[in-house]
Amino acid sequence: MTFSYLDPEIYKKYRDAVIELSNSIQVDINEHLPPGQRRRGLSDREIAERLQLDEATVTEIRAIAERDYYDLAEWDRAIEFKRKACREYVENRIGLKRKKP
Amino acid sequence: MSAPAAVSFESLKDQLIEYSRRSGALVVGVADADAFGDAPEGFRPGDLLPQARSVVVLGGAPPRAGDWISPVVELQETMGTSDRINTLGRKVAHFIEDRLGYYALFVPPGVNRGERPFLSLMLAAELAGCGSRSLAGPILHPTYGMLYFTAIITTAALPVDGPCAESACPAPACRDMWQSEGTVPCVKTCPIDDGGCLGGEIADGRFAAPRYDRARCTTRVYNHWIPGFQKGLELALATDDKEKRKMILYGSAFTRTLWSITYSASNQAQCFECMRVCPVGLEYRTKK
């Protein structure tokens, strides 16, 4: 592995296709089916064969796209989501009340 | 002098289970090394250890009951417990090699190339009967709920446990909630159609049509970790104004992210909200 990097134009061209074919966004994977009968995301090698790319390029596109998918604002929303969800759970389950300001 | 009596694999497995439990494992199971067809090629037991015959899976080290009910989310976010199960995995790998005499490969908890795990611990835990898949994603043990897992691939052909016959998800309480509200606790907390990660339904008493937004889940689970660091650094590098860059790099979000990274393996999982509301294992994590 080196710090040579992917051509941004290649990335832009194939990003959506790679994300869709991989396990990144999982839709209707029938989890209750026995192993071996589930629909799974394709491996990088399988995606490469389908898109006629080499496997290393697909791996790089997928790794970058998974990070690129949401912008930084989603990271900020994550903090608020967790604080709110945690606080609500404790309030509902344990009866902890917020202190009045 | 007569040759020593052959030791059966059943006996070796019994020794292994006793040692693992004594060392702190809550659950122990064995999967067939050839049963990992759902994993991508290159990420199956035989790809990591030639002549792999079985995969020993240990589960345990869950957050404590007190952690689950703390209203300070940053506490659990900071104090992960997965490192404890990794220590146990290494210990059991030594036991298999030194005491049982077979090759044993402790599966590292980090990621291989392309951000893929060396071996899916979820798949291993499922195939070893240490729990079953859930609508929210994690493998759930019927008694303990969410556990951390470690796996050891070995050339010993230990008797296989195989997947659980019954799924812990959906719990009876979730089936009831689906009837009355048309949703379940994990999906209600983190709904994919309203800015969250999870979707799905209950059909014929089982979860169905699950949807999972892994990219969004990453923003929550790795909020202040390498993915968050990359996003913050990208913003800083793209900012021409020196003073603005200082605000980013010295600011609380970037600083907390750097602290988290220094905690390494003990600080990776940073979102527990779908599991916090999960009824599976609730009795185990309910105290006075």
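Might you check whether a residue that is without any contact (Cβ under 8 Å) to a residue 24 or more places away in the chain and within 24 Å of B:Pro109 (Cβ to Cβ) occurs anywhere in the range B:1-16? No.
Scanning the range A:11-38 for residues that are at pLDDT 70 or above and not aliphatic (A, V, I, L, M) yields A:Tyr11, A:Lys12, A:Lys13, A:Tyr14, A:Arg15, A:Asp16, A:Glu20, A:Ser22, A:Asn23, A:Ser24. Residue count for the range B:201-235, restricted to those that are in a helix (DSSP H, G or I) and either more than 8 Å from chain A (Cβ to nearest Cβ) or not aliphatic (A, V, I, L, M) (or both): 16. Quick check: anything in the range B:43-54 farther than 16 Å from B:Val277 by Cα, within 11 Å of chain A (Cβ to nearest Cβ) and open to solvent by less than 40 Å² (accessible area, probe 1.4 Å)? Among the residues of the range B:43-54, at least one is farther than 16 Å from B:Val277 by Cα, within 11 Å of chain A (Cβ to nearest Cβ) and open to solvent by less than 40 Å² (accessible area, probe 1.4 Å), which makes the answer yes. Restricted to the range B:191-205, and to residues that are more than 22 Å from the chain's Cα centre (by Cα) and under 18 Å from B:Pro170 (Cα atoms), which residue is surrounded by the fewest Cβ atoms within 10 Å (Cβ to Cβ)? So, considering only residues that are more than 22 Å from the chain's Cα centre (by Cα) and under 18 Å from B:Pro170 (Cα atoms), the one surrounded by the fewest Cβ atoms within 10 Å (Cβ to Cβ) is B:Asp204.
Taken over the range B:62-77, the criterion of being away from chain A (no Cβ under 14 Å) and open to solvent by less than 20 Å² (accessible area, probe 1.4 Å) is satisfied by B:Pro62 alone. Taking B:Leu258, is it without any contact (Cβ under 8 Å) to a residue 40 or more places away in the chain and open to solvent by less than 80 Å² (accessible area, probe 1.4 Å)? Yes, satisfied. If you go through the range B:159-173 and keep only what is out of contact with any Ser or Thr (no Cβ under 9 Å at 6 or more places or on another chain) and open to solvent by less than 40 Å² (accessible area, probe 1.4 Å), you end up with B:Gly162, B:Ala171.
Please verify whether the range B:79-88 includes one or more residues that are out of contact with any Asp or Glu (no Cβ under 8 Å at 6 or more places or on another chain), part of a helix (DSSP H, G or I), over 24 Å from B:Gly114 (Cα atoms) and free of Cβ contacts under 8 Å to residues at least 24 places away in the same chain. Among the residues of the range B:79-88, at least one is out of contact with any Asp or Glu (no Cβ under 8 Å at 6 or more places or on another chain), part of a helix (DSSP H, G or I), over 24 Å from B:Gly114 (Cα atoms) and free of Cβ contacts under 8 Å to residues at least 24 places away in the same chain, which makes the answer yes. Here is the figure for the range A:46-76: residues that are free of Cβ contacts under 8 Å to residues at least 12 places away in the same chain, surrounded by fewer than 21 Cβ atoms within 10 Å (Cβ to Cβ) and within 7 Å of chain B (Cβ to nearest Cβ) total 5. Would the range B:46-64 turn up any residue that is modelled with pLDDT of 95 or more, basic (Lys, Arg), closer than 15 Å to B:Ile152 by Cα and part of a loop (DSSP other than H, G, I, E, B)? Yes, because at least one residue in the range B:46-64 is modelled with pLDDT of 95 or more, basic (Lys, Arg), closer than 15 Å to B:Ile152 by Cα and part of a loop (DSSP other than H, G, I, E, B). Restricting the range B:159-200 to residues that are within 13 Å of chain A (Cβ to nearest Cβ) and of a type in the set (Ser, Thr, Tyr) leaves a set whose member that is farthest from B:Tyr144 (Cα to Cα) is B:Thr189. The test for being under 21 Å from A:Arg83 (Cα atoms) and either in the same structural domain as B:Pro109 (by TED's automatic domain parsing) or free of Cβ contacts under 8 Å to residues at least 60 places away in the same chain (or both) holds for B:Ala253.
Can B:Ala31 be described as surrounded by 19 or more Cβ atoms within 10 Å (Cβ to Cβ), in contact (Cβ under 8 Å) with a residue 40 or more places away in the chain and more than 14 Å from chain A (Cβ to nearest Cβ)?
So B:Ala31 does not fit the description; no.
The values are calculated or read from the model by the stated rules, or taken from the named source; none is laboratory data. These numbers were taken from a predicted model, which means no experiment stands behind them. Every residue, glycine as well, gets a Cβ built from its backbone with ideal geometry; the counts of neighbours run over all protein chains shown. Remember, those area values only see protein heavy atoms, side chains included, never the ligands or the DNA or RNA. Shrake-Rupley method; radii C 1.70, N 1.55, O 1.52, S 1.80 Å.
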